[in-house]
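Chemist: For reference, the structure I am asking about is given below.
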Amino acid sequence: MLNWLESRTGFVSMAKDFLTEDIPGGASYWYVFGSATMFAMILQITTGIFLTFFYAPSAATAWESTRAIYLNPYTHFLLSLHYWGASAMIALVFLHLLQVLIWGAYKSPRELQWIVGVLLLVVTLVLGLTGYLLPWDMDAYFASQVSLNIAGLPPGGGILQSIAQGGGTMGTDTINRFFGLHVWLMPAALVLLVGAHLAIFRWNGPAGPVVDDPRKMRPGRFWPDQMFMDAVASFVVFLIIIALSFIAPPFLDAKADPTNASFVPYPAWYFLFLFGLLNFVPVLLQGSHIQFLVEQANAPWVELFAAIVVPTIGGLIVLLLPWLDRSTTRSFASRAGILWTTFVVIACIVGLSFYAQGTIQAKIAASGVTPQTEAQILAAPEAEAPAAAAASGASSPLAAQGAKVFAQNCSGCHGAQGMGQPGVAPPLVKNPFVTGDAKKVVDVIANGLHGQTVLGQTYGAPMPAWKSSLSKNDIAAVATFIRGGLPGNSAGPVKESDVP
């Protein structure tokens, strides 16, 4: 069988060459970061594929499907593996790049290998950014809104922001775009870059440790020593991910409510430094003695400088490092300036991350809002229907059922209290169309609506046709709730017989 495969693919020879490759300086745990990163990537792709079986990408179903994943212990564990696997992969890519930088392994002839590695870090961060929105809870919504607003800061950025979020505001189109990026485009780019990285690595070979005379390094083989160390490191990473999945599973916040302006978002840990920089620059300018800078501390150009200019310049410097480093050897002494600069930059990133965390916690404390526990949030769709109906005076069983249907299917666009979103979904409270002809309301719920003008404004988000996913009784119930159960509405109930 092996001879048959060899004659048709050359696979046996390739595997033999790979396994028997010389490793400069012998096997070492310093070389395991690349293999551990590869393992984390495989874990992410595998768990991500299975999660798509349970996730429904739309403003009406994203949070509900995520909640269903949380309520099932097996899918919840799967999601936890994916969540912590993402953090592990980002951390491992960063550590791998940091090791390459410290050892000077970006120097000739490995310049392209370094560039591909930096691009891999960027793609991995984009994967984290796009995946953060998908649960469509409060934190995901408002943290992603900050990211999209940053994208709109530079000249012409408004077009990019509009494309990314699918219009003037966030909604179903935003989820679909982020889902496509997270599930298809970015993973495809990741696999291609990993393939290019491995191909270039195979061509150039490992750089080895930093030594004065490479000829004095003892030789080593990839198999079995280095492969054993790689396997041990990957297994340790897997155990850490499993432990964190049990000890600290990801938190699901309440469903996204765009009308809740008091919510304080908390970005992912790998973007905390950027959030800290965004908040620190105005404080730094306010503390300066230059009157012009003090007056302009909250101007848009400050956000543009902190969120776009500084990270872009930093990224370009890292990308072009093989050409900016003019030292002739990889020795630490000849690259002391680069190594000390790297240390200072990392210290600043860590400091800004802690600063951002303190700032966010202070804002949460100042808001005076008591955070709900996850148990309360997960039980909310079951409990909030009677509570909402009772609070609005609509205490009938049909109105209570309608409140539940509204929370699960309508609040993502129209808001938890039916206040609507400008340009996306019209308000349902004090809306004469809602409290008018019941048959017209039922027709809109059942058959959908798009591009209609309500209350003198045009709302562009498509209103889905719910007749294919809601029963006649559900449609009557939600119509009864929005007509008489929302604050300020007091129209009569709708019967199941009124639904065609």
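Chemist: Looking at F201, F142, which one is part of a helix (DSSP H, G or I) and crowded, with 20+ Cβ neighbours inside 10 Å?
Modeler: Details: F201 fails: crowded, with 20+ Cβ neighbours inside 10 Å.
When all the criteria are applied, what remains is F142.
Chemist: Conditions first: (1) touching a residue at least 12 places away in the same chain (Cβ under 8 Å); (2) farther than 30 Å from Q226 by Cβ; (3) not aromatic (F, W, Y). P73 passes all but one, so which condition is the exception?
Modeler: (1)
Chemist: Can you find even one residue in region 330-348 that is of a type in the set (A, V, I, L, M), more than 29 Å from S108 (Cα to Cα) and either modelled with pLDDT under 85 or not assigned by TED's automatic domain parsing to the domain that holds N489 (or both)? Break it down into steps so the answer makes sense when it comes.
Modeler: Taking region 330-348 as the starting set, the residues that turn out to be of a type in the set (A, V, I, L, M) are 333, 336, 338-339, 344-347.
Those left that are additionally more than 29 Å from S108 (Cα to Cα): none.
Taking every residue of region 330-348 in turn, none turns out to be of a type in the set (A, V, I, L, M), more than 29 Å from S108 (Cα to Cα) and either modelled with pLDDT under 85 or not assigned by TED's automatic domain parsing to the domain that holds N489 (or both).
Chemist: Can you tell me which condition F54 does not meet? The list is (1) touching an Asp or Glu at 6+ places or on another chain (Cβ under 8 Å); (2) surrounded by fewer than 16 Cβ atoms within 10 Å (Cβ to Cβ); (3) assigned to a loop (DSSP other than H, G, I, E, B), and all the others hold.
Modeler: Every listed condition holds for F54 apart from (1).
Chemist: Can you say whether M38 is at pLDDT 95 or above and crowded, with 20+ Cβ neighbours inside 10 Å, as far as the supplied structure shows?
Modeler: Numbers: at pLDDT 95 or above: yes; crowded, with 20+ Cβ neighbours inside 10 Å: no.
Spelling it out, it is not the case that M38 is at pLDDT 95 or above and crowded, with 20+ Cβ neighbours inside 10 Å.
Chemist: Among the candidates V118, V100, V93, single out the residue that is within 17 Å of the chain's Cα centre (by Cα) and either of a type in the set (V, I, T) or closer than 26 Å to A256 by Cα (or both).
Modeler: The match here is V93.
Chemist: Would you check if there is a residue in region 18-35 being in a helix (DSSP H, G or I), assigned by TED's automatic domain parsing to the domain that holds V191 and of a type in the set (G, A, S)?
Modeler: Looking through region 18-35, at least one residue is in a helix (DSSP H, G or I), assigned by TED's automatic domain parsing to the domain that holds V191 and of a type in the set (G, A, S).
Chemist: Looking at region 310-339, which of the residues that are of a type in the set (V, I, T) and farther than 13 Å from L101 by Cβ is surrounded by the most Cβ atoms within 10 Å (Cβ to Cβ)? Break it down into steps so the answer makes sense when it comes.
Modeler: Narrowing region 310-339 to residues of a type in the set (V, I, T): 310, 312-313, 317-318, 328-329, 338.
In the following step, the residues that additionally are farther than 13 Å from L101 by Cβ were identified as 310, 312-313, 328-329.
On the way: V310: 15, T312: 11, I313: 10, T328: 8, T329: 12.
This residue is V310.
Chemist: Please pick out the residue among D225, D253, D257 that is over 25 Å from the mean Cα position of the chain (by Cα) and not small (G, A, S).
Modeler: Numbers: D253 fails: over 25 Å from the mean Cα position of the chain (by Cα); D257 fails: over 25 Å from the mean Cα position of the chain (by Cα).
Exactly one of D225, D253, D257 is over 25 Å from the mean Cα position of the chain (by Cα) and not small (G, A, S), namely D225.
Chemist: Any idea which residue in region 281-309 is modelled with the lowest pLDDT, counting only those that are closer than 30 Å to L101 by Cα and touching a helix residue (DSSP H, G or I) at 6+ places or on another chain (Cβ under 6 Å)?
Modeler: Top of the filtered list is V281.
Chemist: Now, a different point. I'd like the residue in region 234-253 that is hydrophobic (A, V, I, L, M, F, W, C) and crowded, with 20+ Cβ neighbours inside 10 Å and, out of all such residues, is nearest to E374 (Cα to Cα).
Modeler: Filtering region 234-253 for residues hydrophobic (A, V, I, L, M, F, W, C) gives 235-244, 246-248, 251-252.
Cutting the leftovers down to crowded, with 20+ Cβ neighbours inside 10 Å gives us 237, 241, 252.
On the way: V237: 27, I241: 21, L252: 6 Å.
By that ranking, first place goes to L252.
Chemist: Considering only region 70-87, state which residues are surrounded by fewer than 21 Cβ atoms within 10 Å (Cβ to Cβ), modelled with pLDDT of 95 or more and either touching a Cys at 6+ places or on another chain (Cβ under 8 Å) or among the hydrophobic types (A, V, I, L, M, F, W, C) (or both).
Modeler: Result: F77, L78.
Chemist: Please state which one of P464, P426, P422, P493 is modelled with pLDDT of 85 or more and not assigned by TED's automatic domain parsing to the domain that holds A68.
Modeler: P493
Chemist: Given S80, S65, which one is over 30 Å from R335 (Cβ atoms), assigned by TED's automatic domain parsing to the domain that holds Y31, of a type in the set (S, T, Y) and touching a Leu at 6+ places or on another chain (Cβ under 8 Å)?
Modeler: On the way: S65 fails: touching a Leu at 6+ places or on another chain (Cβ under 8 Å).
Among S80, S65, only S80 is over 30 Å from R335 (Cβ atoms), assigned by TED's automatic domain parsing to the domain that holds Y31, of a type in the set (S, T, Y) and touching a Leu at 6+ places or on another chain (Cβ under 8 Å).
Chemist: Please give the number of the condition G485 fails out of (1) surrounded by 17 or more Cβ atoms within 10 Å (Cβ to Cβ); (2) in contact with a Pro (Cβ under 7 Å, 6 or more places away or on another chain); (3) at pLDDT below 85.
Modeler: (2)
Chemist: Determine, yes or no, whether W63 is in contact with a strand residue (DSSP E or B) (Cβ under 6 Å, 6 or more places away or on another chain), buried (at least 20 other Cβ atoms within 10 Å of the Cβ) and touching a residue at least 24 places away in the same chain (Cβ under 8 Å). Before the answer, list the steps.
Modeler: Details: in contact with a strand residue (DSSP E or B) (Cβ under 6 Å, 6 or more places away or on another chain): yes; buried (at least 20 other Cβ atoms within 10 Å of the Cβ): yes; touching a residue at least 24 places away in the same chain (Cβ under 8 Å): yes.
Considered against the rule, which asks whether it is in contact with a strand residue (DSSP E or B) (Cβ under 6 Å, 6 or more places away or on another chain), buried (at least 20 other Cβ atoms within 10 Å of the Cβ) and touching a residue at least 24 places away in the same chain (Cβ under 8 Å), W63 comes out as yes.
Chemist: So which of H450, H414 ends up being surrounded by 23 or more Cβ atoms within 10 Å (Cβ to Cβ) and modelled with pLDDT under 85? Explain how you work it out, then say what you get.
Modeler: Numbers: H450 fails: surrounded by 23 or more Cβ atoms within 10 Å (Cβ to Cβ).
It is H414.
The values are calculated or read from the model by the stated rules, or taken from the named source; none is laboratory data. Being a predicted model, the structure only gives us computed values, none of them experimental. Cβ atoms come from the backbone with ideal geometry, glycine included; neighbour counts cover every protein chain shown.
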